[in-house]
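J.: One structure coming up, written as structure tokens, with questions to follow.
The values are calculated or read from the model by the stated rules, or taken from the named source; none is laboratory data. This one's a predicted model, so the numbers in the text were calculated from it and none came from an experiment. Neighbour counts run over all protein chains shown; Cβ positions are idealised from the backbone, glycine included.
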């Protein structure tokens, strides 16, 4: 049997192409030097964790955010959990890329108080180049969220050389001003916090040495968005 793990004098390497994530390496590794990340939990188990902070939610006005990965990839689980939260009067937020089944997204919205929705680029071909998919499905799903009347925050990860030009920012702002003028826009400066995960997975970080954006670099972009009458802030 071919092993996905090779141990040499330079260290341990894992061939991700043949790794089946069986966990046997974790069982054999001494001193817990390796471990599987994540665990399977039922809706009841997750809600039990939520209930531990119930007093905090009520005192602070906070609540529960379902994020990812992508929530729409586990829509049935998310629906059951959101229903439980709403039954208990807990504020709920859905954080989504918008790239998922429209019917599943719509099924969640009656149990959601707030949606965080990513918009990366308005040009479908540029979007395909940088993400592997066009943005048609995402924009359709965005329109469905707007039609539902749920409070909406559009989050724009601003990446140098991708969507930070005045033209790209203006196109996004114009689209949102036409579609949902009451929505809020959050500009998210590019950072490299996820690059360490690529190292852990023996993968090349696709943005190479691209430098992080300091928040004060987005003042111009914020001004463009606000010029279209949109409520905008730079998230830090």
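J.: Got a number for residues in region 165-179 being over 14 Å from residue 226 (Cα atoms) and in contact (Cβ under 8 Å) with a residue 24 or more places away in the chain?
T.: Going through region 165-179 one residue at a time, the tally reaches 2.
J.: Kindly check whether there is at least one residue in region 141-152 that is within 17 Å of the chain's Cα centre (by Cα), more than 19 Å from residue 97 (Cβ to Cβ) and surrounded by 12 or more Cβ atoms within 10 Å (Cβ to Cβ). Give the steps one after another, and end with the answer.
T.: Going through region 141-152, the residues within 17 Å of the chain's Cα centre (by Cα) turn out to be 141-142, 145, 152.
Checking which are more than 19 Å from residue 97 (Cβ to Cβ) leaves us with none.
Scanning region 141-152, I find no residue that is within 17 Å of the chain's Cα centre (by Cα), more than 19 Å from residue 97 (Cβ to Cβ) and surrounded by 12 or more Cβ atoms within 10 Å (Cβ to Cβ), so the answer is no.
J.: Here is a further query. If you check residue 32 against the conditions, is it over 28 Å from residue 201 (Cα atoms) and exposed (fewer than 15 other Cβ atoms within 10 Å of the Cβ)?
T.: no
J.: Shifting gears a bit: Among what's in region 145-159 and is touching a helix residue (DSSP H, G or I) at 6+ places or on another chain (Cβ under 9 Å) and touching a residue at least 40 places away in the same chain (Cβ under 8 Å), pick the residue that is nearest to residue 207 (Cα to Cα).
T.: 159
J.: Inside region 220-229, can you point out the residues that are within 22 Å of the chain's Cα centre (by Cα) and within 19 Å of residue 182 (Cβ to Cβ)?
T.: 222, 225
J.: Mind telling me which of the residues 18, 50 ends up being touching a helix residue (DSSP H, G or I) at 6+ places or on another chain (Cβ under 9 Å) and in contact (Cβ under 8 Å) with a residue 12 or more places away in the chain? First the steps, then the outcome.
T.: Values: 18 fails: touching a helix residue (DSSP H, G or I) at 6+ places or on another chain (Cβ under 9 Å).
After applying the criteria, what remains is 50.
J.: Out of curiosity, is residue 105 modelled with pLDDT of 95 or more, in contact with a strand residue (DSSP E or B) (Cβ under 6 Å, 6 or more places away or on another chain), closer than 22 Å to residue 142 by Cβ and part of a helix (DSSP H, G or I)? Even if it seems obvious, please write down each step before you answer.
T.: Working: modelled with pLDDT of 95 or more: yes; in contact with a strand residue (DSSP E or B) (Cβ under 6 Å, 6 or more places away or on another chain): no; closer than 22 Å to residue 142 by Cβ: yes; part of a helix (DSSP H, G or I): yes.
It is false that residue 105 is modelled with pLDDT of 95 or more, in contact with a strand residue (DSSP E or B) (Cβ under 6 Å, 6 or more places away or on another chain), closer than 22 Å to residue 142 by Cβ and part of a helix (DSSP H, G or I).
J.: Here's something else I'd like to know. Considering only region 35-53, how many residues are within 18 Å of residue 111 (Cα to Cα) and surrounded by 12 or more Cβ atoms within 10 Å (Cβ to Cβ)?
T.: Of the residues in region 35-53, 5 are within 18 Å of residue 111 (Cα to Cα) and surrounded by 12 or more Cβ atoms within 10 Å (Cβ to Cβ).
J.: Name, by its number, the condition in (1) under 30 Å from residue 209 (Cβ atoms); (2) without any contact (Cβ under 8 Å) to a residue 12 or more places away in the chain that does not hold for residue 138.
T.: Every condition holds for residue 138 apart from (2).
J.: Looking at the structure I just gave you, is residue 171 surrounded by fewer than 12 Cβ atoms within 10 Å (Cβ to Cβ) and either closer than 14 Å to residue 120 by Cα or under 18 Å from the mean Cα position of the chain (by Cα) (or both)?
T.: For residue 171, the condition - surrounded by fewer than 12 Cβ atoms within 10 Å (Cβ to Cβ) and either closer than 14 Å to residue 120 by Cα or under 18 Å from the mean Cα position of the chain (by Cα) (or both) - is not met.
J.: Kindly provide the set of residues from region 1-25 that are on the phi < 0 side of the Ramachandran plot and surrounded by 11 or more Cβ atoms within 10 Å (Cβ to Cβ), ordered by number.
T.: Scanning region 1-25 gives 3, 4, 5, 6, 12, 13, 14, 15, 16, 19, 24, 25.
J.: Among the numbered criteria (1) at pLDDT 95 or above; (2) surrounded by 14 or more Cβ atoms within 10 Å (Cβ to Cβ), which one does residue 178 miss?
T.: Checking residue 178 against (1) at pLDDT 95 or above; (2) surrounded by 14 or more Cβ atoms within 10 Å (Cβ to Cβ), the one that fails is (2).
J.: List the pairs whose first member sits in region 112-135 and is assigned by TED's automatic domain parsing to the domain that holds residue 96, whose second member is surrounded by fewer than 15 Cβ atoms within 10 Å (Cβ to Cβ) and in a helix (DSSP H, G or I), and whose Cβ atoms are under 6 Å apart, counting only residues at least 6 apart or on separate chains?
T.: Close Cβ pairs (under 6 Å, with a partner that is surrounded by fewer than 15 Cβ atoms within 10 Å (Cβ to Cβ) and in a helix (DSSP H, G or I)) amount to 134/124; 134/128; 135/124.
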